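Peer 1: Can you read through this structure? Questions will come right after.
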Amino acid sequence: MHPGHAFAASGLAEAPKPPDSHSSGGRPMISGAVLAGGQSRRFGRNKCLETFRGKRLIDRAVESLAESASLVLLVANELEPYLNVDARLVRDVIPRQGPLGGIYTALLFSPYPRVFVKAADMPFLEPRLARRLLTIDEKADVVVPVLEGEYEPLLAVYHARCIPLIARTLEEGERRIVGFYRRARVKRIEEEAWRPFDPDGRSFWNVNTAEDLERILAFEP
Ligand SMILES: Nc1nc2c(ncn2[C@@H]2O[C@H](COP(=O)(O)OP(=O)(O)OP(=O)(O)O)[C@@H](O)[C@H]2O)c(=O)[nH]1
């Protein structure tokens, strides 16, 4: 079902990577990745390009990650709408695989082994929560917060070790992000552990409809 050559690209992960440490400037030597390859079906047009209070959702997402990462990748199927975004643009290696395909692509193209992933439609990221996720367990394959008992895989940290695990999962036709978690070393961040850093959980709010956008961004201080 999937073109074999696309999965062969996972060999890129074997290229030498810089040490997984902290830069002298204080920002961790990790990549941020904004996933922006969705169809915005519920919104009706590309929601990432919607402007609210002078800033587009896509720029908000990139800026929020730039505080925590040394480099921000923007991953999508179509890159043309994002040519003027301040991020390194990367096209999905395997198109139309949903966010899991976006994570796969981000890991392949990241110069650092760890990638902090965020959906483009999540306007907020509490810096203290970001720092917590990035420092809690650097040895895990996945560091993922849990909200109301469910994983929040679109605001999580993934290691390059996930590349072959995701490839196998996609080959099996599974496109849910959590579909590969059973193969990975997953560090769950329970609600009581992250709430102190983001009391109202705004880092997880996302925009699906125009009403969501109005409602969510009205909270901005
Ligand atoms: N790179 C990449 N990102 C994707 C892909 N599909 C979805 N995403 C992103 O993943 C996040 C969650 O996507 P979804 O909720 O499934 O889709 P959506 O476009 O946001 O909205 P709907 O079409 O209304 O479901 C969003 O940030 C999307 O832009 C994909 O195939 N590639």
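What follows is calculated from the coordinates using simple rules that are stated; it is not laboratory data. Predicted model, so just to flag it, every value in this text is computed and none were measured. We place every Cβ from the backbone using ideal geometry, glycine too, and count neighbours over all the protein chains shown.
Peer 1: Give me the one-decimal nm value for the distance between modelled label points at residue 66 and residue 146, 7 Å along each residue's Cα-to-Cβ direction.
Peer 2: Result for the modelled spin labels: 3.5 nm.
Peer 1: Hey, with R₀ at 22 Å, roughly what FRET efficiency would residue 88 and residue 55 work out to, going by the Cβ-Cβ distance, to 0.05?
Peer 2: 0.65
Peer 1: Let me ask you something else. If you place +1 on the Cβ of every Lys and Arg, -1 on the Cβ of every Asp and Glu, and leave all else neutral, what size is the dipole of segment 78-186 about its Cα centre, to the nearest 20 Debye?
Peer 2: 420 debye
Peer 1: For q values of 0.15, 0.17 Å⁻¹, compute log₁₀ I(q)/I(0) with the Debye formula on a Cα-only model of segment 144-221, without solvent.
Peer 2: -0.67, -0.80
Peer 1: For the chain, what does the relative contact order come out to in percent, with C-alpha contacts under 8 Å and a separation of six or more?
Peer 2: Answer for the chain is 22 percent.
Peer 1: Quick one: among 184, 167, 210, which has the greatest mean-square fluctuation in a GNM of the chain with alpha-carbon springs under 10 angstrom?
Peer 2: 210
Peer 1: Loop-only check: which GluC sites (Glu not before Pro) in segment 121-201 are DSSP coil with at most 16 other Cβ within 10 angstrom?
Peer 2: 138, 148, 172, 174, 190
Peer 1: Output the antiparallel fraction of DSSP beta bridges having both residues in segment 29-217, as a percent to the nearest 5.
Peer 2: Of all bridge pairs located within segment 29-217, approximately 40 percent are antiparallel.
Peer 1: May I pose another question? So what does log10 I(q)/I(0) come out to for the chain at q = 0.18 Å⁻¹, using the Debye formula with one equal point on every Cα and no solvent?
Peer 2: Per q value, in the given order, log10 I(q)/I(0) is -1.43.
Peer 1: Could you calculate the contour length gain from residue 96 to residue 176, that is, 0.36 nm times the residue separation minus the distance between their Cα atoms, to one decimal place in nm?
Peer 2: Separation in residues times 0.36 nm, less the Cα-Cα distance, equals 27.5 nm.
Peer 1: Out of 27, 53, 183, any idea which swings most in a Gaussian network model of the chain, alpha carbons joined below 10 Å?
Peer 2: Residue with maximal mean-square fluctuation among 27, 53, 183: 53.
Peer 1: Now a separate question. Could you identify which residue out of 149, 173, 32 has the top mean-square fluctuation in a GNM of the chain using Cα springs shorter than 10 Å?
Peer 2: Looking only at 149, 173, 32, the largest GNM fluctuation is found for 149.
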